[in-house]
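The values are calculated or read from the model by the stated rules, or taken from the named source; none is laboratory data. Because the structure is a prediction, the values reported are computed rather than measured. Cβ placement follows ideal geometry from the backbone for every residue including glycine, while neighbour counts extend to all protein chains displayed. Only protein heavy atoms, including side chains, enter the accessible area calculation; ligands, DNA and RNA are left aside. Shrake-Rupley method; radii C 1.70, N 1.55, O 1.52, S 1.80 Å.
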Amino acid sequence: MSSTGTLHLNIRTHKLGTPYSVAFPNFSRPEPVGCYSINESRELEDNANNAGYLRIPPQTDFPLDLNAGIEQVQRKPPEPDYHDIAQLCRYISLHPKLLQLQADVITFRGILRQIMGTPYERQKDYCLVATLFHGSIYLAKLETPEQREERQQMPSQQQDMCSWGFKFEQYCTTHDPQEKPITDVPVNESKEFACIYSSKLNGLKLLYGAEMDCIKSTQRLDLRQESQLRAAQFVELKTSALDMNFRQQRSFDNYKSSNWWCQSYLVGIGSILAGLRDPQGMLHEIKEYDVRTLHRNKPWSAAAMANFLYDFLHELKTLMAHLNTPEATVRLDFKAAQSQVYYTVLKDEQVLPTWYRQQLSN
Ligand code: A3P
Ligand code: MG
Ligand code: MG
């Protein structure tokens, strides 16, 4: 088995706007099997304290100023490589019953969404690292040099626009459904609430973490109880341009809507609430998108993206099996210009924390 090569994937055959006739794969409804909070130090807490409940501001509060308090915003600091997968390992070690699910792939919703977007991606490269451990492939992201540069060079105006999304979340969510949202404190963008989902794609068992924006409920739920977690109705919050111009509309139709669809579909969310803002960051109205109909009249195919996800993960699983080493690790580089995913076998890459490896091996 060569230590470098390409995954056998037909990326170039997919084009925006061309019909796709293959049926949607067998994708079981994702079930939440756990939840956790990420605190301001970006560490995992085994509780649901950071869960938010949806509370839409009254009409009289509009327009909402997304720049309010932006001078004091606490942005998410850059994290060391594999920090997020280490947090997921922490959760699994606290809830070892998750290992009984014998997942083929353990990862994050954001990574699955990234893979699903590949058939239509012609510009942006990405990099993932996969490591096999106790029969599961742990799949983590690695920042590419271009992504690092983009992050480090991001103009402050663009950083502020990113913060608008979090400020919108603050306006619409409360930790106690009986209380109004607290909107006069700086937003801390590091804090998160996340769920772990279990799903099956054409027989491949998936386990993945996903940050969740809010829950639609008038009562506080005990999300640590499996029945209440499963019954919780999650809603995705987004911001988008009010009165989109031609360029914005095309970008929404081609890419943004497919990202929204993938992100919500992967966690079984049915409704996206989009806050529509003007270029100055004043939010004028909220528009609801039904995830089930979001694909209509769009140039992308949901079936193409879901089938591609299966093909990618199946190829990866086959590759890992062929490497035939107990803790095989590969780096996967998607190169948009070549429409290829290259792999490189890594020798001494430490993806999973040592304590986790030791704990599971005992
Ligand atoms: P918008 O949704 O208004 O774009 P999410 O919607 O996934 O819950 O993310 C919440 C906000 O985080 C987004 O608001 C966006 O501003 C910011 N965000 C998400 N992904 C990001 C990324 N890769 N880089 C920078 N900001 C990001
Ligand atoms: Mg979110
Ligand atoms: Mg959101």
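Rounded if a/c is under 1.5, else prolate if a/b is larger than b/c, else oblate: which is region 76-227, with a ≥ b ≥ c the root eigenvalues of its Cα gyration tensor? Each step should come with its number before you reach the end.
Working: a/c = 2.00, a/b = 1.11, b/c = 1.81.
In terms of gyration-tensor shape, oblate.
For region 30-46, what does the Karplus curve 6.51 cos²θ - 1.76 cosθ + 1.60, with θ = phi - 60°, yield as ³J(HN,Hα) per residue in whole Hz, taken in order and with x for Gly and Pro?
x, 10, x, 10, x, 8, 7, 10, 10, 7, 5, 8, 6, 10, 6, 10, 7
Assign one of three labels to region 194-248, namely rounded, prolate or oblate, based on the Cα gyration tensor with a ≥ b ≥ c the square roots of its eigenvalues; rounded applies when a/c is under 1.5, prolate when it is not and a/b is larger than b/c, and oblate otherwise.
On the way: a/c = 3.53, a/b = 1.41, b/c = 2.50.
Oblate is the answer for region 194-248, as a/c is 1.5 or above yet b/c matches or exceeds a/b.
Along the charge dipole of region 178-231, which of LEU221, ALA231, PHE193 sits closest to the positive end, that is, farthest toward it, with unit charges on the beta carbon of Lys, Arg, Asp and Glu (+1, +1, -1, -1)?
Checked the options; the winner is ALA231.
Out of CYS89, LEU112, CYS127, whose Cα points farthest toward the positive end of the dipole of region 60-161 (charges: +1 Lys, Arg; -1 Asp, Glu; placed on Cβ)?
The listed residue farthest towards the positive side: CYS89.
What residues qualify as long-range amide H neighbours of GLN340, i.e. H under 5 Å apart, gap of 5 or more or another chain, H built at 1.01 Å from N?
LYS335
Where in region 165-204 is the amide nitrogen less than 17 Å from a point lying 7 Å along the Cα-to-Cβ axis of HIS95?
192-200
With an 8 Å Cα cut-off and a minimum separation of 6 or more residues, compute the relative contact order for the chain in percent.
Details: 660 pairs, mean separation 111.6, N = 362.
Relative contact order comes out at 31 percent.
In whole Å, how far is the Cα centre of region 228-275 from that of region 68-99?
23 Å
What dipole magnitude, in Debye to the nearest 20, does the chain give about its Cα centre under +1 on Lys/Arg Cβ and -1 on Asp/Glu Cβ? Let's see the in-between values first.
On the way: 39 positive and 42 negative charges, 234 e Å.
In debye, rounded to 20, the chain gives about 1120.
Given a 1.4 angstrom probe, I'd like the percentage of the accessible area of the chain that is carbon and sulfur, rounded to a whole number.
Working: 8370 of 18100 Å².
The value for the chain is 46 percent carbon and sulfur by accessible area.
Which of ALA51, ALA194, ALA241 moves the most in a Gaussian network model of the chain with Cα springs under 10 Å?
ALA241
Of all beta bridges DSSP finds with both residues in the chain, what is the antiparallel percent, to the nearest 5?
Details: 54 of 68 bridges.
Roughly 80 percent of the DSSP beta bridges within the chain come out antiparallel.
Which cross-chain or sequence-distant (5 or more) residues have an amide H under 5 Å from the amide H of PHE108, H modelled 1.01 Å from N in plane?
For PHE108, the qualifying residues are GLY209.
Going through region 292-356, which trypsin sites (Lys or Arg not before Pro) have at most 15 other Cβ atoms within 10 Å and a DSSP loop state?
Working: sites: ARG292, ARG296, LYS317, ARG331, LYS335, LYS347; in loops: ARG296, LYS347.
Within region 292-356, the qualifying trypsin sites (Lys or Arg not before Pro) (loop, at most 15 other Cβ atoms within 10 Å) are ARG296, LYS347.
Please arrange HIS322, HIS295 by accessible surface area, largest first, computed with a 1.4 Å probe and ligands excluded. Write out the running numbers ahead of the final one.
Details: HIS322 115, HIS295 80 Å².
So the residues, ranked largest to smallest area, are HIS322, HIS295.
In region 208-362, what % of DSSP beta bridges are antiparallel (nearest 5)?
About 75 percent, rounded to the nearest 5.
Using the membrane-span-like helix rule (whole DSSP H runs, Cα extent along the own axis of at least 30 Å, mean Kyte-Doolittle hydropathy at least 0.5), which helices of the chain qualify?
Details: long enough: 302-323 (32 Å, 0.66).
Within the chain the helices that satisfy the rule are 302-323.
Taking the Cα centre of region 94-243 as origin, work out the dipole magnitude from +1 charges on Lys and Arg Cβ and -1 charges on Asp and Glu Cβ, in debye rounded to 20. Show your work: numbers first, answer last.
Working: 18 positive and 20 negative charges, 124 e Å.
So the dipole magnitude of region 94-243 works out to roughly 600 debye.
Amide H of ILE215 versus every other amide H placed in the peptide plane: which residues, excluding those fewer than 5 positions away on the same chain, fall under 5 Å?
Those lying under 5 Å, H to H, from ILE215 are GLY52, TYR53, LEU54, VAL235.
Top mean-square fluctuation among GLN233, GLN338, GLN87, Gaussian network model of the chain, C-alpha springs under 10 Å?
Result for the chain, Cα springs under 10 Å: GLN338 fluctuates most.
Keeping every protein chain in place, order ASP311, ASP176 by accessible area at 1.4 Å, biggest value first, i.e. largest first.
Working: ASP311 70, ASP176 50 Å².
The most accessible residue leads, giving ASP311, ASP176.
Report the equivalent ellipsoid semi-axes for the chain in whole Å, largest first, defined as the square roots of five times the eigenvalues of the gyration tensor built from alpha carbon atoms. Walk me through the intermediate numbers first.
Details: eigenvalues 213, 127, 81 Å².
Gyration-tensor ellipsoid for the chain: 33, 25, 20 Å.
Could you check which residue among GLU288, GLU211, GLU79 shows the biggest mean-square fluctuation in a GNM of the chain with a 10 Å Cα cutoff?
It is GLU79.
Anything over 20 Å Cα to Cα? Flag those among LYS205/LYS256; LYS141/LYS335; LYS216/LYS298, in the order listed.
Working: LYS205/LYS256 27 Å; LYS141/LYS335 15 Å; LYS216/LYS298 28 Å.
Beyond 20 Å: LYS205/LYS256; LYS216/LYS298.
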